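Sharing a structure, written as structure tokens. Questions coming.
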Amino acid sequence: MSREAAARAGTNIALVKYWGKRDASLNLPAAGSLSLTLAELGTTTHVRFDDRLDRDEVQLNGVAADERTARRVAKFLDLVRAQAGLSARAHVRSRNQVPTAAGLASSASAFAALALAATRAAGLEVTPLELSVLARRGSGSAARSIYGGLVEMQPGTRADGVDAGAHPLLPPDAWDLRLCVAITATGAKAIGSTEAMDHTARTSPYYAAWIASVDADLAAARAAIAARDLRALGVVTERSALRMHACAMAADPAVVYWNPATLAALQTVHELRAGGVPVYATMDAGPHVKALCVQADSDVVQRALAATAGVLSVLVAAPGPGVTLLPADAEGAL
Ligand code: DP6
């Protein structure tokens with residue numbers, strides 16, 4: 001049996017945000033979420049189990065991972081080993097197809113690619129839903145990157161979390177959406193999403209209201225997607241992001257991800273809209289602004305964002321496929 005495998009996953013950007021957990025140890029979300037998987041930004045990962053290793057070896061973008069990341073990956077591999085009845089440690093090599101300096105490297109594509117590569121290398125046969133549920137243990141947003149296009153994550157109701165996984169809503173080629181990513185800073189984010197959402201849940205007086213608002217946003221987003229109604233989807237997208245950030249800003253001490261260019265880019269999106277271009281903004285656990293529009297408007301949106309004060313560059317990403325297996329010899333590229 002070959003004990004190695006390689007996989008690639010696209011990152012995803014949530015249109016209805018996940019921000020809060022109902023169980024931290026199993027990484028169960030407190031509410032559902034909905035996202036768009038991207039073609040251009042993602043992670044390629046190769047895993048090889050090797051009996052001669054006495055610990056997991058993790059390499060990211062050609063260099064040894066820091067201790068914290070290596071521990072997180074080893075913990076995830078323990079889940080795969082337990083399922084497969086395997087004790088061998090693994091050699092993991094992973095590369096992000098995102099400008100690392102922009103702080104866009106994402107745990108979503110990383111754990112989706114790792115989940116597929118590691119389960120295959122361990123000889124496990126898993127369904128896409130089982131893979132999504134497994135990827136969630138690594139990072140909540142990773143559960144969504146198992147699928148391409150528009151994807152919904154279910155929070156599930158079971159204590160063991162086996163029903164907390166994602167399912168696809170619309171394939172990547174079914175709607176010519178684009179996400180224009182305005183990079184507004186270099187370097188890593190101030191506070192990671194895991195820590196920030198826990199802090200928000202414990203200290204923000206708006207947290208309960210935020211969680212209570214998610215189901216209605218999901219229903220509205222689902223209906224908008226079924227009708228291919230960008231305006232309706234965009235309204236929910238912007239509302240969900242602003243509510244998530246408002247909730248985090250109300251934490252004690254506050255979690256503020258924005259910089260002046262974030263607001264300037266948001267303003268640009270509003271001005272474009274006032275001028276008749278249907279474009280809607282979302283922001284994650286960082287200062288970058290992601291603008292949702294259709295392909296036909298993406299040049300106009302890209303140019304306007306690039307001309308915005310403080311915006312360093314703008315990437316345009318199309319909807320992309322779910323996680324895919326690569327030939328194991330793709331390792332050479334890593
Ligand atoms: C703002 O998936 O990174 O991007 O489950 O703790 O790994 P963990 O959190 P993570 O959180 C993503 C937060 C977000 C919104 C989203 O992607 O839904």
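The values are calculated or read from the model by the stated rules, or taken from the named source; none is laboratory data. All figures in this text were calculated on a predicted structure; none of them were measured in a lab. Because the Cβ atoms are built from the backbone with ideal geometry, glycine has one as well, and the counts that use them run over all protein chains shown. To get the accessible areas, we keep the full protein, side chains included, count just its heavy atoms, and leave off ligands, DNA and RNA. Shrake-Rupley method; radii C 1.70, N 1.55, O 1.52, S 1.80 Å.
Report the full-extension gain for the segment Ser25 to Asp78: residue separation times 0.36 nm, less the Cα-Cα distance, to one decimal in nm. Walk me through the intermediate numbers first.
Numbers: separation 53, 0.36 × 53 = 19.08 nm, distance 1.41 nm.
Difference between extended and current length: 17.7 nm.
In Å, the Kirkwood hydrodynamic radius of segment 208-264 over pairs of distinct alpha carbons?
Values: mean 1/r = 0.0796 Å⁻¹.
Mean inverse Cα-Cα distance, inverted, gives 12.6 Å.
Additional query: In square angstrom, rounded to the nearest 10, how much accessible surface does Ile191 have for a 1.4 Å probe?
Here the residue's solvent-accessible area equals roughly 40 Å².
Taking the Cα-to-Cβ direction at Arg71 and at Asp215 and moving 7 Å from each Cα, how far apart do the two end points lie in nm?
Between Arg71 and Asp215, the simple spin-label model gives 3.7 nm.
Now a separate question. Which value in deg cm²/dmol, rounded to the nearest 500, describes the helix-derived mean residue ellipticity at 222 nm for the chain, given -39,500 (n - 2.57) per DSSP H run of n ≥ 4 and division by the residue count? Please report the intermediate quantities before stating the final value.
Values: 8 runs with 119 residues, N = 334.
Result for the chain: -11500 deg cm²/dmol, rounded to the nearest 500.
If I take every Cα pair under 8 Å that is 6 or more residues apart in segment 205-316, average their sequence separation and divide by the length, what percent do I get for the relative contact order?
Working: 120 pairs, mean separation 25.2, N = 112.
Once divided by the residue count of segment 205-316, the mean separation gives 23 percent.
Where the eigenvalues come from the Cα gyration tensor of segment 187-334, what are the semi-axes √(5λ) of the equivalent ellipsoid, largest first, in whole Å? Spell out each step's value before the answer.
Values: eigenvalues 127, 103, 75 Å².
Rounded to whole Å, the semi-axes are 25, 23, 19.
Let me ask something else about it. Apply the Debye scattering formula to segment 120-206, with a single equal point scatterer on each alpha-carbon and no solvent, then give log10 I(q)/I(0) at q = 0.11, 0.21 Å⁻¹.
-0.47, -1.12
Tell me the Kirkwood radius of segment 214-298: reciprocal of the mean inverse pair distance over distinct alpha-carbon atoms, in Å.
Details: mean 1/r = 0.0735 Å⁻¹.
Its Kirkwood hydrodynamic radius stands at 13.6 Å.
Can you send over the solvent-accessible area of Thr186, 1.4 Å probe, protein chains only, in Å² to the nearest 10?
100 Å²
Right, another one. Measure nothing but the geometry: give the 0 to 90° angle between the long axis through the Cα atoms of 67-84 and the longest principal axis through the Cα atoms of the chain, rounded to 10°.
Once rounded, one gets 60 degrees.
What is the angle, in °, between the Cα long axis of helix 193-203 and the longest principal axis of the Cα atoms in the chain? Nearest 10 is fine, range 0 to 90.
Result, in degrees: 60.
Would you work out what percent of the accessible area of the chain, with all protein chains in place, is carbon or sulfur (probe 1.4 Å)?
Values: 7380 of 13650 Å².
Result for the chain: 54 percent of the exposed heavy-atom area is carbon or sulfur.
Right, another one. Build a GNM of the chain with springs between Cα atoms under 10 Å: which of Ala70, Ala142, Ala122 gets the top mean-square fluctuation?
Among Ala70, Ala142, Ala122, the largest mean-square fluctuation in the Gaussian network model of the chain belongs to Ala70.
Another question about this same structure. How much of Phe49 can a 1.4 Å solvent probe reach, expressed as accessible area in Å² and rounded to 10?
10 Å²
Assuming R0 = 25 Å, can you tell me the calculated FRET efficiency for the pair Ala309 and Asp176, based on Cβ-Cβ distance, to the nearest 0.05?
On the way: r = 30 Å, r/R0 = 1.19.
That gives a FRET efficiency of 0.25.
Calculate the translational D of the chain in whole µm² s⁻¹ from Stokes-Einstein, where the hydrodynamic radius comes from the Kirkwood formula applied to all Cα pairs, the temperature is 25 °C and the viscosity 0.890 mPa s. Please report the intermediate quantities before stating the final value.
Numbers: Rh = 20.0 Å.
In µm²/s, the coefficient rounds to 123.
So what's the angle, to the nearest 10 degrees on a 0 to 90 scale, between helix 207-226 and the longest Cα principal axis of the chain?
Approximately 90 degrees, to the nearest 10.
Another question, then. How big is the convex hull of the Cα atoms of segment 7-142, per residue, in Å³? Mind showing how you got there, number by number?
Working: hull volume 14.9 nm³, N = 136.
It is 110 Å³ per residue.
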